[in-house]
Amino acid sequence: MCTEDQASINIRNNLLELSDFETIGEIKGYPVRKMEELILVETEGLHLYLDGIDANIRDSLVSNTNIDDNEISKEYPLDLLVFLSKHRSEMELQSLTVHPPGNYNRTDHGGKPGFLPPSSPRYMAAALRSLYREKKELEIKDRTTYEVTHHGPVVNSPCFFIEIGSTEDRWQVPILGKAIARSLLSDGFRSPDMEIPVAIGIGGGHYGPRFTDRAMRKKFDFGHMVPDYILNSGMDVRSAIEKAWNSTPGAKGAFIHRSKHNEGVMEDVMGSIDDLGISELTIN
(Lines give C-alpha, C1' and ligand atoms only; values in the text may rest on other atoms or scores of the structure.)
Protein backbone atom coordinates (compact mmCIF):
# COMPACT_ATOMS: atom_id res chain seq x y z
CA MET A 1 0.00 0.00 0.00
CA CYS A 2 1.05 3.61 -0.59
CA THR A 3 1.12 6.20 2.15
CA GLU A 4 0.17 9.02 -0.26
CA ASP A 5 -3.05 7.27 -1.33
CA GLN A 6 -6.02 7.88 0.97
CA ALA A 7 -7.90 4.81 -0.21
CA SER A 8 -4.80 2.67 0.25
CA ILE A 9 -4.50 3.83 3.86
CA ASN A 10 -8.19 3.12 4.39
CA ILE A 11 -7.88 -0.45 3.08
CA ARG A 12 -4.71 -1.05 5.12
CA ASN A 13 -6.36 0.12 8.31
CA ASN A 14 -9.23 -2.27 7.77
CA LEU A 15 -6.90 -5.17 6.99
CA LEU A 16 -5.08 -4.58 10.26
CA GLU A 17 -8.34 -4.29 12.20
CA LEU A 18 -9.83 -7.46 10.74
CA SER A 19 -6.81 -9.76 10.92
CA ASP A 20 -3.69 -10.67 12.85
CA PHE A 21 -0.79 -9.38 10.79
CA GLU A 22 2.56 -9.67 12.56
CA THR A 23 5.30 -7.11 11.96
CA ILE A 24 8.31 -8.99 10.61
CA GLY A 25 10.60 -6.15 9.58
CA GLU A 26 10.67 -2.91 7.67
CA ILE A 27 11.58 -1.53 4.26
CA LYS A 28 12.91 2.04 4.15
CA GLY A 29 11.41 2.76 7.54
CA TYR A 30 7.96 1.38 6.72
CA PRO A 31 6.67 -1.78 8.43
CA VAL A 32 6.35 -5.14 6.69
CA ARG A 33 3.60 -7.34 8.11
CA LYS A 34 2.76 -10.99 7.48
CA MET A 35 -0.25 -13.23 8.11
CA GLU A 36 -0.04 -16.75 6.77
CA GLU A 37 0.75 -16.38 3.04
CA LEU A 38 -0.21 -12.69 2.91
CA ILE A 39 2.44 -9.96 3.18
CA LEU A 40 1.44 -6.32 3.67
CA VAL A 41 4.08 -3.86 2.52
CA GLU A 42 3.92 -0.07 2.88
CA THR A 43 5.78 2.40 0.69
CA GLU A 44 5.80 6.09 -0.14
CA GLY A 45 4.83 7.47 -3.53
CA LEU A 46 1.92 6.49 -5.75
CA HIS A 47 1.42 3.01 -7.18
CA LEU A 48 1.29 4.17 -10.80
CA TYR A 49 4.94 5.22 -10.74
CA LEU A 50 6.48 2.42 -8.66
CA ASP A 51 8.35 0.74 -11.52
CA GLY A 52 10.20 -2.37 -10.36
CA ILE A 53 8.52 -2.37 -6.95
CA ASP A 54 8.09 -6.15 -7.03
CA ALA A 55 11.81 -6.80 -7.43
CA ASN A 56 12.58 -4.19 -4.76
CA ILE A 57 10.15 -5.81 -2.34
CA ARG A 58 11.58 -9.26 -2.95
CA ASP A 59 15.15 -8.15 -2.39
CA SER A 60 14.21 -6.24 0.75
CA LEU A 61 12.20 -9.12 2.18
CA VAL A 62 15.12 -11.48 1.78
CA SER A 63 17.69 -9.08 3.23
CA ASN A 64 15.68 -7.26 5.92
CA THR A 65 13.18 -9.75 7.33
CA ASN A 66 13.01 -13.31 8.58
CA ILE A 67 11.42 -14.56 5.35
CA ASP A 68 13.56 -17.26 3.81
CA ASP A 69 14.62 -16.86 0.19
CA ASN A 70 13.00 -20.21 -0.62
CA GLU A 71 9.58 -18.92 0.45
CA ILE A 72 9.47 -16.49 -2.48
CA SER A 73 8.93 -17.50 -6.08
CA LYS A 74 11.92 -17.72 -8.39
CA GLU A 75 9.81 -17.47 -11.54
CA TYR A 76 8.53 -14.01 -10.66
CA PRO A 77 9.86 -11.53 -8.08
CA LEU A 78 6.54 -12.02 -6.25
CA ASP A 79 3.84 -14.68 -6.77
CA LEU A 80 1.12 -12.04 -6.77
CA LEU A 81 1.15 -8.28 -6.29
CA VAL A 82 -2.11 -6.55 -5.31
CA PHE A 83 -2.13 -2.75 -5.37
CA LEU A 84 -4.52 -1.19 -2.83
CA SER A 85 -5.57 2.03 -4.47
CA LYS A 86 -8.00 4.80 -5.21
CA HIS A 87 -9.88 5.16 -8.49
CA ARG A 88 -10.66 8.57 -9.93
CA SER A 89 -13.47 8.90 -12.47
CA GLU A 90 -14.69 11.95 -14.35
CA MET A 91 -18.08 10.21 -14.43
CA GLU A 92 -17.97 10.15 -10.60
CA LEU A 93 -19.22 6.57 -10.72
CA GLN A 94 -19.47 5.18 -7.20
CA SER A 95 -17.57 1.95 -7.64
CA LEU A 96 -15.30 -0.73 -6.25
CA THR A 97 -13.05 -1.93 -9.06
CA VAL A 98 -10.35 -4.38 -10.07
CA HIS A 99 -8.11 -4.15 -13.13
CA PRO A 100 -4.74 -5.15 -14.57
CA PRO A 101 -2.13 -2.43 -15.14
CA GLY A 102 -0.42 -1.83 -18.47
CA ASN A 103 -0.21 0.55 -21.43
CA TYR A 104 -1.00 -0.47 -24.99
CA ASN A 105 0.30 2.80 -26.42
CA ARG A 106 0.35 6.11 -24.51
CA THR A 107 1.60 6.50 -20.93
CA ASP A 108 -0.57 9.19 -19.39
CA HIS A 109 -0.31 7.71 -15.90
CA GLY A 110 2.90 5.78 -15.34
CA GLY A 111 4.33 2.67 -16.91
CA LYS A 112 5.85 2.60 -20.37
CA PRO A 113 4.37 2.44 -23.89
CA GLY A 114 3.53 -1.04 -25.09
CA PHE A 115 4.29 -2.81 -21.81
CA LEU A 116 1.75 -5.01 -20.03
CA PRO A 117 2.75 -6.79 -16.80
CA PRO A 118 1.59 -10.38 -16.36
CA SER A 119 -2.06 -10.32 -15.38
CA SER A 120 -3.53 -12.50 -12.65
CA PRO A 121 -6.89 -13.55 -14.08
CA ARG A 122 -7.91 -16.11 -11.48
CA TYR A 123 -7.13 -14.00 -8.41
CA MET A 124 -8.47 -10.84 -10.01
CA ALA A 125 -11.79 -12.48 -10.88
CA ALA A 126 -11.95 -14.08 -7.44
CA ALA A 127 -11.41 -10.64 -5.90
CA LEU A 128 -14.20 -9.20 -8.06
CA ARG A 129 -16.66 -11.88 -6.98
CA SER A 130 -15.60 -11.70 -3.32
CA LEU A 131 -15.90 -7.92 -3.42
CA TYR A 132 -19.45 -8.20 -4.73
CA ARG A 133 -20.43 -10.56 -1.92
CA GLU A 134 -18.88 -8.34 0.75
CA LYS A 135 -20.44 -5.12 -0.50
CA LYS A 136 -23.87 -6.80 -0.62
CA GLU A 137 -23.47 -8.04 2.94
CA LEU A 138 -22.39 -4.58 4.08
CA GLU A 139 -25.32 -3.01 2.16
CA ILE A 140 -23.03 -0.88 -0.01
CA LYS A 141 -24.67 0.43 -3.17
CA ASP A 142 -21.47 0.98 -5.17
CA ARG A 143 -21.07 -0.78 -8.48
CA THR A 144 -18.59 -3.69 -8.47
CA THR A 145 -16.76 -3.90 -11.76
CA TYR A 146 -13.69 -4.63 -13.80
CA GLU A 147 -11.81 -1.82 -15.42
CA VAL A 148 -9.86 -2.60 -18.54
CA THR A 149 -6.07 -2.59 -18.73
CA HIS A 150 -4.59 0.86 -18.12
CA HIS A 151 -1.74 2.83 -16.44
CA GLY A 152 1.49 1.84 -14.66
CA PRO A 153 3.60 0.69 -12.97
CA VAL A 154 6.12 -1.51 -14.78
CA VAL A 155 6.47 -4.78 -12.85
CA ASN A 156 7.26 -8.35 -13.85
CA SER A 157 5.02 -10.15 -11.36
CA PRO A 158 1.38 -11.17 -11.84
CA CYS A 159 -0.63 -8.28 -10.46
CA PHE A 160 -3.84 -6.30 -10.32
CA PHE A 161 -5.28 -3.17 -8.72
CA ILE A 162 -8.21 -3.20 -6.31
CA GLU A 163 -9.69 0.26 -5.82
CA ILE A 164 -12.17 2.54 -4.12
CA GLY A 165 -13.78 4.89 -6.63
CA SER A 166 -14.25 7.46 -7.67
CA THR A 167 -14.14 10.83 -5.85
CA GLU A 168 -11.95 12.08 -3.02
CA ASP A 169 -14.78 12.22 -0.50
CA ARG A 170 -15.25 8.44 -0.81
CA TRP A 171 -11.65 7.22 -0.61
CA GLN A 172 -11.59 7.51 3.18
CA VAL A 173 -15.07 6.06 3.88
CA PRO A 174 -14.28 3.21 6.31
CA ILE A 175 -16.96 0.79 5.15
CA LEU A 176 -15.62 0.90 1.58
CA GLY A 177 -12.15 0.01 2.81
CA LYS A 178 -13.74 -2.70 4.94
CA ALA A 179 -15.42 -4.29 1.91
CA ILE A 180 -12.11 -4.53 0.06
CA ALA A 181 -10.22 -5.78 3.12
CA ARG A 182 -12.81 -8.48 3.76
CA SER A 183 -12.70 -9.55 0.11
CA LEU A 184 -8.91 -9.97 0.23
CA LEU A 185 -9.10 -11.98 3.46
CA SER A 186 -11.91 -14.22 2.21
CA ASP A 187 -11.53 -17.88 1.29
CA GLY A 188 -13.13 -17.06 -2.06
CA PHE A 189 -10.19 -14.86 -2.96
CA ARG A 190 -7.40 -16.84 -1.34
CA SER A 191 -8.52 -20.14 -2.91
CA PRO A 192 -9.81 -19.22 -6.38
CA ASP A 193 -11.73 -21.65 -8.58
CA MET A 194 -9.15 -23.14 -10.94
CA GLU A 195 -11.70 -24.71 -13.32
CA ILE A 196 -13.05 -21.47 -14.84
CA PRO A 197 -11.61 -20.79 -18.33
CA VAL A 198 -9.18 -17.87 -18.55
CA ALA A 199 -9.75 -15.35 -21.34
CA ILE A 200 -8.63 -12.03 -22.70
CA GLY A 201 -11.37 -9.50 -23.38
CA ILE A 202 -11.70 -7.57 -26.63
CA GLY A 203 -14.09 -4.64 -27.16
CA GLY A 204 -16.43 -2.70 -24.93
CA GLY A 205 -15.95 0.33 -22.74
CA HIS A 206 -13.61 1.20 -19.90
CA TYR A 207 -15.61 -0.67 -17.25
CA GLY A 208 -15.91 -3.84 -19.33
CA PRO A 209 -19.59 -4.54 -18.54
CA ARG A 210 -19.77 -7.75 -20.60
CA PHE A 211 -16.52 -9.00 -19.07
CA THR A 212 -17.74 -8.17 -15.57
CA ASP A 213 -21.02 -9.99 -16.18
CA ARG A 214 -19.30 -13.12 -17.50
CA ALA A 215 -16.82 -13.18 -14.64
CA MET A 216 -19.54 -12.71 -12.05
CA ARG A 217 -21.37 -15.70 -13.54
CA LYS A 218 -18.15 -17.75 -13.51
CA LYS A 219 -18.10 -18.16 -17.27
CA PHE A 220 -14.60 -16.71 -17.69
CA ASP A 221 -11.79 -15.24 -15.60
CA PHE A 222 -10.37 -12.29 -17.53
CA GLY A 223 -6.78 -11.16 -17.69
CA HIS A 224 -5.91 -8.24 -19.94
CA MET A 225 -8.73 -6.46 -21.77
CA VAL A 226 -8.49 -4.41 -24.99
CA PRO A 227 -11.34 -1.85 -25.06
CA ASP A 228 -12.88 -0.07 -28.02
CA TYR A 229 -10.91 3.12 -27.39
CA ILE A 230 -7.68 1.17 -27.93
CA LEU A 231 -9.04 -0.69 -30.96
CA ASN A 232 -10.12 2.64 -32.47
CA SER A 233 -7.01 4.58 -31.46
CA GLY A 234 -5.09 4.00 -34.67
CA MET A 235 -2.56 1.60 -33.14
CA ASP A 236 -2.08 -1.78 -34.75
CA VAL A 237 -4.98 -3.96 -33.59
CA ARG A 238 -2.98 -7.17 -33.90
CA SER A 239 -0.22 -5.75 -31.72
CA ALA A 240 -2.65 -4.78 -28.94
CA ILE A 241 -4.31 -8.20 -28.94
CA GLU A 242 -0.97 -9.99 -29.03
CA LYS A 243 0.26 -8.02 -26.00
CA ALA A 244 -2.90 -8.88 -24.06
CA TRP A 245 -2.61 -12.54 -25.02
CA ASN A 246 1.06 -12.90 -24.19
CA SER A 247 0.56 -11.24 -20.79
CA THR A 248 -2.42 -13.33 -19.69
CA PRO A 249 -1.09 -16.60 -18.23
CA GLY A 250 -3.28 -19.61 -18.93
CA ALA A 251 -5.56 -17.89 -21.45
CA LYS A 252 -7.67 -20.31 -23.50
CA GLY A 253 -9.04 -17.75 -25.94
CA ALA A 254 -10.66 -14.36 -26.42
CA PHE A 255 -14.17 -13.25 -25.52
CA ILE A 256 -15.30 -10.46 -27.84
CA HIS A 257 -17.80 -7.73 -27.02
CA ARG A 258 -19.19 -6.70 -30.40
CA SER A 259 -21.07 -3.43 -30.73
CA LYS A 260 -21.64 -0.52 -33.08
CA HIS A 261 -18.56 1.10 -31.53
CA ASN A 262 -16.17 -1.47 -32.95
CA GLU A 263 -17.83 -2.47 -36.21
CA GLY A 264 -15.13 -0.67 -38.18
CA VAL A 265 -12.30 -2.70 -36.67
CA MET A 266 -13.96 -6.08 -36.24
CA GLU A 267 -12.49 -7.44 -39.45
CA ASP A 268 -9.03 -6.56 -38.11
CA VAL A 269 -9.89 -8.13 -34.76
CA MET A 270 -11.01 -11.41 -36.30
CA GLY A 271 -8.06 -11.50 -38.67
CA SER A 272 -5.69 -10.84 -35.77
CA ILE A 273 -6.96 -13.59 -33.49
CA ASP A 274 -6.90 -15.98 -36.45
CA ASP A 275 -3.29 -15.05 -37.27
CA LEU A 276 -2.30 -15.46 -33.62
CA GLY A 277 -4.06 -18.81 -33.26
CA ILE A 278 -6.43 -17.49 -30.60
CA SER A 279 -9.85 -19.13 -30.31
CA GLU A 280 -12.97 -17.03 -29.93
CA LEU A 281 -14.73 -18.13 -26.76
CA THR A 282 -18.49 -18.25 -26.48
CA ILE A 283 -20.89 -19.22 -23.72
CA ASN A 284 -22.77 -22.52 -24.12
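Give me the percent of the accessible area of the chain that comes from carbon and sulfur atoms, probe 1.4 Å, all protein chains in place. Don't skip to the answer; put the middle values down first.
Details: 5680 of 12830 Å².
Carbon and sulfur together cover 44 percent of it.
For H47, what charge total do you get from the other residues with a beta carbon under 10 Å from its beta carbon, if Lys and Arg give +1 and Asp and Glu give -1? Intermediate results must be reported in sequence, preceding the final value.
Working: positive: K86; negative: E4, D5, E163.
Surrounding charge for H47 is -2.
Quick one: if you stick a label point 7 Å off each Cα along the C-beta vector at K136 and Y49, how many nm between them?
Label at K136, label at Y49, 4.0 nm between them.
Over the alpha-carbon set of the range 134-284, work out the extent along each principal axis and list the three values in angstrom, largest first.
If we take the Cα atoms of the range 134-284, the spans are 47, 34, 33 Å.
Mind pulling the angle between the C-alpha long axis of helix 53-64 and the longest principal axis of the chain? Nearest 10 degrees, somewhere in 0 to 90.
30
Of all the stretches in the chain, which is the longest one without any exposed loop site, taking GluC sites (Glu not before Pro) in a DSSP loop (any state but H, G, I, E, B) with at most 14 other Cβ atoms within 10 Å? Let's see the in-between values first.
Numbers: sites that count: E4, E36, E37, E44, E75, E90, E92, E139, E195.
Maximal segment without exposed cleavage sites: 196-284.
How far apart, in nanometres, would the label points at S191 and T107 be if each is projected 7 angstrom from Cα along the Cα-to-Cβ direction?
4.1
Convert each backbone phi in the range 4-10 into a coupling constant with the Karplus relation 6.51 cos²θ - 1.76 cosθ + 1.60 (shift: θ = phi - 60°), then list the ³J(HN,Hα) values in order as whole Hz, x for Gly and Pro.
Values per residue, Gly and Pro as x: 9, 10, 4, 5, 4, 4, 4 Hz.
Treating only the Cβ of Lys, Arg, Asp and Glu as charged (+1, +1, -1, -1), what charge dipole size does the chain show about its Cα centre? Round to the nearest 20 debye. Spell out each step's value before the answer.
Working: 31 positive and 43 negative charges, 155 e Å.
Charge dipole, the chain, about its Cα centre: 740 debye, nearest 20.
Once Lys and Arg get +1 and Asp and Glu get -1 on their Cβ, which of S120, L48, L80 lies farthest toward the positive end of the dipole of the range 35-182?
Value computed over the given set: S120.
Assuming R0 = 25 Å, what is the FRET efficiency of E168 and E22, from their Cβ-Cβ distance, to the nearest 0.05?
Working: r = 33 Å, r/R0 = 1.30.
So the FRET efficiency works out to roughly 0.15.
5 Å is the cut-off here: which amide hydrogens, built 1.01 Å from N in the peptide plane, fall below it relative to A199, excluding neighbours closer than 5 in sequence?
D221, F222, G223, K252
Compute the relative contact order of the chain as a whole-number percentage, counting only Cα pairs closer than 8 Å that sit 6 or more residues apart in sequence. Could you put the intermediate results ahead of the total?
Working: 617 pairs, mean separation 54.9, N = 284.
19 percent.
Over the chain, with the other protein chains present, what is the accessible area per residue in square angstrom, probe 1.4 angstrom?
Values: 12830 Å² over 284 residues.
Computed with neighbouring chains in place, this is 45 Å² per residue.
Per residue of the range 33-47, in order, report the coupling 6.51 cos²θ - 1.76 cosθ + 1.60 (Karplus, θ = phi - 60°) as ³J(HN,Hα) in whole Hz, putting x for Gly and Pro.
Couplings: 10, 9, 9, 6, 8, 8, 10, 10, 10, 10, 8, 8, x, 10, 3 Hz.
Rounded to the nearest 0.05, what FRET efficiency do Q94 and L38 give with R0 = 25 Å and r taken as the Cβ-Cβ distance? Could you check? Present the calculation step by step, with values, prior to reporting the outcome.
Working: r = 28 Å, r/R0 = 1.10.
So the FRET efficiency works out to roughly 0.35.
Specify which residue in the list V62, V226, S247 is farthest towards the positive end of the charge dipole of the chain, using unit charges on the beta carbon of Lys, Arg (+1) and Asp, Glu (-1), about the Cα centre.
The residue sitting most towards the positive pole is V226.
Go through the range 81-96 residue by residue and turn each phi into a ³J(HN,Hα) via Karplus (6.51, -1.76, 1.60, θ = phi - 60°); whole Hz please, and just put x for glycine and proline.
Karplus-based 3J(HN,Hα) across the range 81-96 equals 10, 10, 8, 8, 8, 8, 10, 10, 9, 5, 6, 6, 6, 6, 8, 10 Hz.
Find, among the trypsin sites (Lys or Arg not before Pro) in the range 180-284, those assigned to loop by DSSP (not H, G, I, E, B) with at most 11 other beta-carbon atoms within 10 angstrom. Spell out each step's value before the answer.
Numbers: sites: R182, R190, R210, R214, R217, K218, K219, R238, K243, K252, R258, K260; in loops: R217, K218, K219, R258, K260.
Those satisfying the criteria are R217, K260.
The values are calculated or read from the model by the stated rules, or taken from the named source; none is laboratory data. Nothing here was measured: the structure is a model prediction, and the numbers come from that model. A quick note on method: Cβ atoms are made from the backbone with ideal geometry, for glycine too, and the neighbour counts reach across all protein chains shown. Side chains are part of the model used for accessible areas, which takes the heavy atoms of the whole protein and leaves out ligands, DNA and RNA. Shrake-Rupley method; radii C 1.70, N 1.55, O 1.52, S 1.80 Å.
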